[in-house]
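Here is the structure we will look at.
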Amino acid sequence: MSKLASDSHSSTAAVQATNDDASASKLSCVNKGYMKDSYIHFFVRRPVKRSPIINRGYYARWAALRKLLLQFLKSERHGEDRNIKKQILSLGAGFDTTYFQLQEEGIAPHLYVELDFKEVTSKKAALIDSSQLKDKVGQAASISRECVLIYLDPDSSRAIVEWASRTFSTAVFFLYEQIHPDDAFGEQMIRNLESRGCPLLSIHATPTLQAKERLFLDQGWQKAVAWDMLQIYNNSIDTREKRRVERLELFDEFEEWHMMQEHYCVAYAINDAMGLFQYIGFSNDQHVLVPSPQLPQESEAC
Ligand code: SAM
């Protein structure tokens, strides 16, 4: 068990509640037309309208992670076997609906595993069971028990990153987390989360983009890249899409938007024994890795 549950400043219930917030924010985005998700409404009891800055932030997060996810799912060895079995392991999945979306688009991976507290996974399973989503998971779904790195203490986070690197020689690890806890905005962000009972126990161990990259490289990953969300929004999200979403709502909180986006990042780490992942990246940081000799049969995204 991670130290999270036993830490006197952490409340497991409060950490789990971040999932309700995330789901409600996603539904708010969907209702405003930022993105399409035909499933999220099954998981939100009381729809709420979020402010334009929150909607745009969630959209940016969704677009960044979706870009990397689609790159992972499309990755193949040049000119070779297109039938590589992909697996996705979603840590701290909450009520995320990506599986249903991928299934609808006909690009679901061979295996999709979600990890969260058992209270969250059980609730999700019950909501699926009592809705038309039941047919979409069929007999294949099962519940078992685990984590979002930044909510864990640094040793537990490192252990997970090390485990994933040791276990999967062909894998991409994506992460969306806070950075810069030490400036005025960062201190306020940390205080807000602490006052809600969910301190970010790992943030001081990985407070910068470089530290996020180091976290992966030190635990054996071949390559790691971290960009803040402002860089990603400005340089990696499709320009036409950005023009579309920027017309959806009146928006004048530019200073706060910049600060907020500079305090969140997406990092990805790659192990590429099979030579699959040369086209994974935010935009122009694509890279070529030298494959190591061992060739496993399956590839994994965490
Ligand atoms: N990934 C989802 C999304 O993007 O909508 C949910 C994000 S929510 C902010 C964080 C999730 O991580 C919650 O569902 C919470 O229960 C889960 N989580 C945090 N710490 C965890 C831990 N130690 N073990 C299992 N789940 C954890």
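The values are calculated or read from the model by the stated rules, or taken from the named source; none is laboratory data. All of these numbers come straight from a predicted model, not from anything done at the bench. Note that we place each Cβ from the backbone using ideal geometry, even for glycine, and neighbour counts take in every protein chain shown. What goes into the accessible areas is simple: the full protein's heavy atoms, side chains included, and nothing from ligands, DNA or RNA. Shrake-Rupley method; radii C 1.70, N 1.55, O 1.52, S 1.80 Å.
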Can you confirm whether Gln71 is within 20 Å of Leu149 (Cβ to Cβ), under 18 Å from the mean Cα position of the chain (by Cα) and more than 15 Å from the ligand (Cβ to nearest atom)? no
The condition from (1) away from the ligand (no atom under 16 Å from the Cβ); (2) part of a helix (DSSP H, G or I); (3) of a type in the set (A, V, I, L, M, F, W, C) that Ala171 misses is numbered (2)
Residue hits (segment 10-59; hydrophobic (A, V, I, L, M, F, W, C), within 26 Å of Glu105 (Cα to Cα) and more than 13 Å from the ligand (Cβ to nearest atom)) are Phe42
Flag if Phe185 is of a type outside the set (D, E, K, R), under 29 Å from Ala14 (Cβ atoms) and not in a helix (DSSP H, G or I): no
Members of segment 98-125 that are crowded, with 19+ Cβ neighbours inside 10 Å and in a loop (DSSP other than H, G, I, E, B): Pro109, Asp116, Phe117
Inspect all residues belonging to segment 199-212 and state whether any of them is assigned to a loop (DSSP other than H, G, I, E, B), open to solvent by 60 Å² or more (accessible area, probe 1.4 Å) and in contact with a strand residue (DSSP E or B) (Cβ under 9 Å, 6 or more places away or on another chain). no
Segment 257-274: number of residues that are under 17 Å from Leu193 (Cβ atoms), open to solvent by less than 10 Å² (accessible area, probe 1.4 Å) and under 15 Å from the mean Cα position of the chain (by Cα): 1
With the first residue restricted to segment 235-258 and required to be in a helix (DSSP H, G or I), and the second required to be open to solvent by less than 90 Å² (accessible area, probe 1.4 Å) and among the β-branched types (Val, Ile, Thr), Cβ contacts under 9 Å at 6 or more apart or on different chains are Val245/Ile237; Glu256/Ile53; Trp257/Ile53
